[in-house]
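See below for the structure under consideration.
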Amino acid sequence: MFWGILALNGAVFVCWNIARGVYESSRDPSMYIWMRNNFTVSWTNVKSGRIWTLLTSCISHEDLMHAIFNVMGFYFMAPPVISLLGNVGFLALYLGSGLVSSLTSLYWHTSVKNHPNYNSQALVGPSTA
């Protein structure tokens, strides 16, 4: 469980960087757009039927420093929580926290800030999960 979540976060981080590299070298934004459509949470994504983004944003880091700090926090905090809750309980807490964060972000950016097209990913998902 522990290493699986870390590996997923790492794989998605690598994909973000490949997408950015492809865009910068060839000006082809298609992979970057695909990542944004599938690994960030926004009202546009949810309305388009991509409800999985409520959870995939929980494993999405685009910025290196943010990824490093989240991985460090996860590395030191997850093992004691897993020992208390077990794998199933920990996964429920991890995904539940990320889901609540995604829904809060949707509400905040759509209703309070009136910015429904705002894409959240590393700002809320992995940090809260």
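The values are calculated or read from the model by the stated rules, or taken from the named source; none is laboratory data. Here the structure is a predicted model, which means the values were calculated and not measured. Please note: Cβ atoms are built from the backbone with ideal geometry, for glycine as well, and neighbour counts cover all protein chains shown.
Check region 4-14 and report whether any residue there is of a type in the set (Val, Ile, Thr) and within 28 Å of THR110 (Cα to Cα). Don't jump to the end; show me each part of the working.
Restricting attention to region 4-14, the residues satisfying the condition of being of a type in the set (Val, Ile, Thr) are 5, 12, 14.
Adding the requirement that they be within 28 Å of THR110 (Cα to Cα) leaves 12.
Yes, some residue in region 4-14 is of a type in the set (Val, Ile, Thr) and within 28 Å of THR110 (Cα to Cα).
Failed condition for VAL22, given (1) over 11 Å from the mean Cα position of the chain (by Cα); (2) assigned to a loop (DSSP other than H, G, I, E, B), with all others met?
(2)
Pick from region 102-129 the residues that are assigned to a helix (DSSP H, G or I) and under 10 Å from the mean Cα position of the chain (by Cα): which of them is modelled with the lowest pLDDT?
Taking region 102-129 first, the residues assigned to a helix (DSSP H, G or I) are 102-112, 125-128.
Those left that are additionally under 10 Å from the mean Cα position of the chain (by Cα): 102, 125-128.
On the way: SER102: 89, GLY125: 54, PRO126: 63, SER127: 73, THR128: 67.
Looking at residues that are assigned to a helix (DSSP H, G or I) and under 10 Å from the mean Cα position of the chain (by Cα), I get GLY125.
For region 37-54, check the following and say yes or no: at least one residue is hydroxyl-bearing (Ser, Thr, Tyr), assigned to a helix (DSSP H, G or I) and touching a helix residue (DSSP H, G or I) at 6+ places or on another chain (Cβ under 7 Å).
Taking region 37-54 as the starting set, the residues that turn out to be hydroxyl-bearing (Ser, Thr, Tyr) are 40, 42, 44, 48, 53.
Going one step further and asking which of them are assigned to a helix (DSSP H, G or I), we end up with 44, 53.
Now restrict to residues that are touching a helix residue (DSSP H, G or I) at 6+ places or on another chain (Cβ under 7 Å): 53.
Scanning region 37-54, I find at least one residue that is hydroxyl-bearing (Ser, Thr, Tyr), assigned to a helix (DSSP H, G or I) and touching a helix residue (DSSP H, G or I) at 6+ places or on another chain (Cβ under 7 Å), so the answer is yes.
Inspect region 49-60 for any residue being more than 15 Å from the chain's Cα centre (by Cα) and not charged (D, E, K, R) and give the result as yes or no.
Checking region 49-60: at least one residue is more than 15 Å from the chain's Cα centre (by Cα) and not charged (D, E, K, R).
When you look at TYR94, is it under 23 Å from TRP3 (Cα atoms) and either out of contact with any strand residue (DSSP E or B) (no Cβ under 8 Å at 6 or more places or on another chain) or of a type outside the set (Ser, Thr, Tyr) (or both), yes or no? Please lay out each step first, then the result.
On the way: under 23 Å from TRP3 (Cα atoms): yes; either out of contact with any strand residue (DSSP E or B) (no Cβ under 8 Å at 6 or more places or on another chain) or of a type outside the set (Ser, Thr, Tyr) (or both): yes.
It is true that TYR94 is under 23 Å from TRP3 (Cα atoms) and either out of contact with any strand residue (DSSP E or B) (no Cβ under 8 Å at 6 or more places or on another chain) or of a type outside the set (Ser, Thr, Tyr) (or both).
Test each condition in (1) out of contact with any Pro (no Cβ under 6 Å at 6 or more places or on another chain); (2) surrounded by 17 or more Cβ atoms within 10 Å (Cβ to Cβ) for GLY21 and report the one that comes out false.
For GLY21, the exception is condition (2).
May I ask you to verify whether GLY73 is assigned to a helix (DSSP H, G or I), small (Gly, Ala, Ser) and loosely packed, with under 13 Cβ neighbours inside 10 Å? Even if it seems obvious, please write down each step before you answer.
Numbers: assigned to a helix (DSSP H, G or I): yes; small (Gly, Ala, Ser): yes; loosely packed, with under 13 Cβ neighbours inside 10 Å: yes.
The answer is yes for GLY73.
Any idea which residue in region 24-49 is nearest to PRO79 (Cα to Cα), counting only those that are surrounded by fewer than 18 Cβ atoms within 10 Å (Cβ to Cβ) and of a type in the set (Gly, Ala, Ser)? Give the derivation first.
So the first thing to find is which residues in region 24-49 are surrounded by fewer than 18 Cβ atoms within 10 Å (Cβ to Cβ), and the list is 24-31, 33-34, 37-38, 44, 47-49.
Right, trim to of a type in the set (Gly, Ala, Ser) and you get 25-26, 30, 48-49.
Values: SER25: 40, SER26: 42, SER30: 38, SER48: 37, GLY49: 35 Å.
Only one residue fits best here, namely GLY49.
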